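**Student:** Let me begin by handing over the structure; questions about it come next.
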Amino acid sequence: MKNFPGYKCSLCGTEYLQGQVTYTCPKDGGNLDVVLDYDVIRKKFQPEDITSRTEPSLWKYLPLLPVDEPQGDSTPLHAAGWTPVFALPRLAKSLNLKHLWLKDESRNPTASFKDRASAVVVTRAREIKAEVVVTASTGNAGAALAGMSAAVGQKAVIFAPKSAPQAKVAQLLIFGAKVILVDGTYDDAFDLSVKASNEFGWYCRNTGYNPFTLEGKKTAAFEIWEWWIEAHRDWHKQDSTLDDHPPLTIFVSVGDGNIISGIHKGFKDLLTLGWIPNLPRIIGVQAEGSAAIANAFHANTEIITPVSAMTIADSISVDLPRDGVRAVRAARQTDGTYITVTDDEIIKSIAELGTMGVFPEPAGAAAYAGLVKATSLGVVGSDHPILVLNTGSGLKDVRAAMRAVHSAPIIEPTLDAVKRII
Ligand SMILES: *Cc1c(COP(=O)(O)O)cnc(C)c1O
Ligand SMILES: [Zn+2]
């Protein structure tokens with residue numbers, strides 16, 4: 001098992017050793033940050049020692065993770081992360097932006113950002129010799145846990161709301177997890193999975209509960225850091241008048257708030273190591289019907305008041321976000337903000353990203369919908385370099401995608417019939 005100093009509560013600041021706690025702070029239920037030995041890392045590694053590693057996966061960043069390299073042959077668990085970044089020149093033009101990119105997390109092994117968290121949690125589960133892992137999920141976290149578990153022969157139990165999109169439920173079943181559909185919301189499934197975990201001694205992956213999910217998710221920040229070193233250099237080559245330009249702004253959709261907190265943590269790790277001079281701007285996007293974190297941000301508080309979530313973007317449909325406090329801070333401490341978008345704006349964004357060859361699920365498209373709104377509100381300027389995350393594949397929710405387009409005509413198989421509709 002990898003040695004790391006321990007954990008620190010994000011609410012009360014209490015520090016714990018590795019063996020003392022497993023999930024959240026025993027005093028106040030606060031989310032725990034994994035504490036790394038930054039002095040040791042700084043002495044042992046230069047940034048180039050990391051960037052020159054050749055693994056095309058999140059395991060490239062092993063020296064900055066609190067787990068050891070997963071054992072065994074190459075599997076989907078070994079392949080999580082290292083997703084591509086694409087330029088979106090036509091959409092940039094339509095939004096009057098100079099520089100717009102998208103990092104496509106739908107290319108992870110089970111087609112969502114959640115693979116980053118699940119790869120690291122399953123690796124941790126193997127290290128502590130957990131017999132069974134469990135999670136509550138709106139679909140993607142479960143698919144990722146089931147897929148990463150299947151890859152290495154780990155037993156997994158998944159609790160999902162019975163309303164989860166069919167493709168996500170199919171993934172759970174195909175990966176051979178024990179799937180339990182709950183007649184209730186994601187929040188009901190969450191509470192039930194924690195009870196079951198305590199009752200049966202299962203190792204619980206729940207988002208905003210297990211501190212290792214954040215450690216997996218932070219690897220996206222490391223990839224963005226590496227990509228930006230290159231992209232930024234090219235950018236300066238093209239335009240030598242650029243001297244003092246605005247920082248990179250990252251748009252990410254937010255449900256429980258664990259992805260945005262993970263990205264923040266990754267950049268904070270790099271800042272603590274002295275490997276970057278400052279943090280990028282991080283802007284969270286929530287669905288209007290599921291906006292507990294955005295509400296807290298704009299009310300200037302860290303108290304998260306639950307909502308009755310209602311949105312087509314099932315992956316960010318959350319009554320009580322489990323990582324709300326850190327998610328508020330991710331925007332507040334980076335000069336970012338929160339934007340809310342309607343379901344119609346989300347659906348429209350699915351089709352707009354489609355015109356660039358990217359197929360997002362609704363929660364993935366929400367980040368882009370947030371950018372569209374941010375440009376109209378003047379939250380970002382036309383010279384701001386922007387990176388949008390697509391967090392999940394449109395193939396996971398085809399029904400939502402079909403709402404973004406006209407259905408195709410059906411014709412008899414003759415050229416005349418083709419001529420009539422062309
Ligand atoms: C889980 C998820 C999110 C939101 O992540 P949180 O950590 O819950 O904020 C966004 N998009 C997709 C596709 C997801 O699966
Ligand atoms: Zn605490």
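**Student:** Any idea what the alpha-carbon Rg over 2.2 N^0.38 Å comes to for segment 359-400?
**Tutor:** 1.32
**Student:** Could you tell me the relative contact order of segment 115-175? Use alpha-carbon pairs under 8 Å, at least six residues apart, and round to a whole percent.
**Tutor:** Normalised by residue count, the contact order of segment 115-175 is 37 percent.
**Student:** Let me check against my output: what whole-number percent is the relative contact order of segment 1-44, with C-alpha pairs under 8 Å and at least 6 apart? Provide the component values of the computation, followed by the final result.
**Tutor:** Details: 54 pairs, mean separation 18.1, N = 44.
Relative contact order, segment 1-44: 41 percent.
**Student:** Report, to one decimal in Å, the Kirkwood hydrodynamic radius for segment 1-44 based on all distinct Cα pairs.
**Tutor:** Value: 10.9 Å, from the Cα pair sum.
**Student:** Counting just the Cα atoms, what span does the chain cover along each of its three principal axes? Round to the nearest Å and put the largest first.
**Tutor:** 72, 56, 47
**Student:** Which of the listed residues, I276, I180, G364, is farthest toward the dipole's positive end in the chain, when Lys, Arg count +1 and Asp, Glu count -1 at the beta-carbon?
**Tutor:** Toward the positive end, the furthest listed residue is I180.
**Student:** If you count, for each residue, the other Cβ atoms within 10 Å and average over each peptide, how do 270-278, 181-189 line up from highest to lowest?
**Tutor:** 181-189, 270-278
**Student:** Summarise the accessible area of segment 184-229 (1.4 Å probe, protein heavy atoms) by the percent that is carbon and sulfur.
**Tutor:** Working: 740 of 1320 Å².
The nonpolar share, carbon plus sulfur, comes to 56 percent.
**Student:** Can you pull the percent of segment 1-44's accessible area that's carbon plus sulfur, 1.4 Å probe, other chains left in place?
**Tutor:** 49 percent
**Student:** When you have a sec, figure out the Kirkwood radius of segment 187-324 from all distinct Cα pair distances and drop it here in Å to one decimal?
**Tutor:** 17.0 Å
**Student:** Could you tell me which GluC sites (Glu not before Pro) in segment 220-290 are loop residues by DSSP with no more than 11 other beta carbons within 10 angstrom of their beta carbon?
**Tutor:** On the way: sites: E223, E226, E230, E288; in loops: none.
When the GluC sites (Glu not before Pro) of segment 220-290 are filtered for loop state and at most 11 Cβ neighbours within 10 Å, nothing remains.
**Student:** Send over the semi-axes of segment 268-422's equivalent ellipsoid, whole angstrom and largest first, taken as the square roots of 5 times the C-alpha gyration tensor eigenvalues. If you can, show how the numbers build up before the last one.
**Tutor:** Working: eigenvalues 261, 72, 35 Å².
Working from the Cα gyration tensor, I get semi-axes of 36, 19, 13 Å.
**Student:** Residues with beta-carbon under 12 Å from that of Y38, excluding Y38: net charge, scoring Lys, Arg +1 and Asp, Glu -1?
**Tutor:** Value of the local net charge: +1.
**Student:** Next up: Report, ordered by chain and residue number, the lysines lying within cross-link reach of K162, taken as a straight Cα distance under 28 Å and ignoring same-chain residues fewer than 8 apart.
**Tutor:** Within reach: K114, K178, K195, K217, K348, K396.
**Student:** For segment 169-226, compute the orientation-averaged projected area of the C-alpha convex hull (one quarter of its surface), in nm².
**Tutor:** For segment 169-226, averaging the hull's shadow over all directions gives 5.5 nm².
**Student:** Let me ask something additional. With every atom except the alpha carbons ignored, what do you get for Rg and Dmax of segment 44-158, in angstroms?
**Tutor:** 16.6, 53
**Student:** Counting other Cβ atoms within 10 Å of each Cβ, which GluC sites (Glu not before Pro) in segment 106-199 have at most 15 and sit in a DSSP loop?
**Tutor:** Passing sites in segment 106-199 are E131.
The values are calculated or read from the model by the stated rules, or taken from the named source; none is laboratory data. Because the structure is a prediction, the values reported are computed rather than measured. Cβ sites come from the backbone with ideal geometry, for glycine too, and all protein chains shown count toward neighbours. The protein model used for the area step is the full one, side chains on, heavy atoms only, and it has no ligands, DNA or RNA in it. Shrake-Rupley method; radii C 1.70, N 1.55, O 1.52, S 1.80 Å.
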